[in-house]
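The values are calculated or read from the model by the stated rules, or taken from the named source; none is laboratory data. Predicted model, so just to flag it, every value in this text is computed and none were measured. Note: ideal-geometry Cβ built from the backbone for every residue, glycine included; neighbour counts use all protein chains shown.
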Amino acid sequence: MKAELTFLGLLNRGGRILFGPSLEHRLGKVDLLLIATDAAHPERMEAKAKTANTITRKAYTKAELGQALGYDELSFVAIKGKKEAKAFFAKAKGEEI
């Protein structure tokens, strides 16, 4: 598994990850929204994220995002906290924090 996806699991244990039905209503409180490349109709979430000034990144499949957090599939995963989002990007680029 990629280092940044393993890092998502750590963030989840720390309570810094949101996903599921409540995510749509809490986009204003997150700093990064990960959108699965194979998500069905991501336009609505992208538009809401843009309105909430939330950074979006379209990467990984639903299976990859789900596996990182212990689920079968997840289409959208959000990271709370600027430091955590910055650390995720650093991991994605292969840099040490």
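All but one of (1) part of a helix (DSSP H, G or I); (2) without any contact (Cβ under 8 Å) to a residue 40 or more places away in the chain; (3) not hydrophobic (A, V, I, L, M, F, W, C) hold for Thr56; which doesn't?
(1)
Could you count how many residues in segment 29-57 are within 9 Å of the chain's Cα centre (by Cα) and surrounded by fewer than 14 Cβ atoms within 10 Å (Cβ to Cβ)?
0
Read through the list (1) touching a Gly at 6+ places or on another chain (Cβ under 7 Å); (2) assigned to a helix (DSSP H, G or I), then give the number of the only condition that Asp72 fails.
Condition not satisfied by Asp72: (2).
For segment 61-72, name all the residues that are under 14 Å from Leu8 (Cβ atoms) and over 10 Å from the mean Cα position of the chain (by Cα). First the steps, then the outcome.
The first filter runs over segment 61-72 and keeps only residues under 14 Å from Leu8 (Cβ atoms), leaving 61-71.
Passing the criteria: Thr61, Lys62, Ala63, Glu64, Gly66, Gln67, Ala68, Leu69, Gly70, Tyr71.
Look at segment 1-25 and say how many of its residues are in a helix (DSSP H, G or I) and either more than 13 Å from the chain's Cα centre (by Cα) or of a type in the set (Phe, Trp, Tyr) (or both). I'd like the intermediate steps shown before the answer.
Within segment 1-25, the first condition is being in a helix (DSSP H, G or I), and the residues that meet it are 3-13, 21-25.
Of the ones still in play, those that are also either more than 13 Å from the chain's Cα centre (by Cα) or of a type in the set (Phe, Trp, Tyr) (or both) are 3, 7, 13, 21-22, 25.
Adding up the residues that qualify gives 6.
Hey, could you check segment 10-26 for residues that are in contact with a Leu (Cβ under 7 Å, 6 or more places away or on another chain) and either modelled with pLDDT under 95 or over 17 Å from Lys82 (Cα atoms) (or both) and say which is surrounded by the most Cβ atoms within 10 Å (Cβ to Cβ)?
Kept after step one, since they are in contact with a Leu (Cβ under 7 Å, 6 or more places away or on another chain), are these residues of segment 10-26: 12, 17, 19, 26.
If we keep only those that are either modelled with pLDDT under 95 or over 17 Å from Lys82 (Cα atoms) (or both) as well, we get 19, 26.
Numbers: Phe19: 18, Arg26: 12.
Ranking the candidates gives Phe19 first.
Tell me which residues, restricted to segment 46-78, are touching a strand residue (DSSP E or B) at 6+ places or on another chain (Cβ under 7 Å) and of a type in the set (Lys, Arg).
Scanning segment 46-78 gives Arg57, Lys58.
When only residues in segment 35-53 that are in contact with a Ser or Thr (Cβ under 8 Å, 6 or more places away or on another chain) and not in a helix (DSSP H, G or I) count, which is farthest from Glu84 (Cα to Cα)?
Ala40
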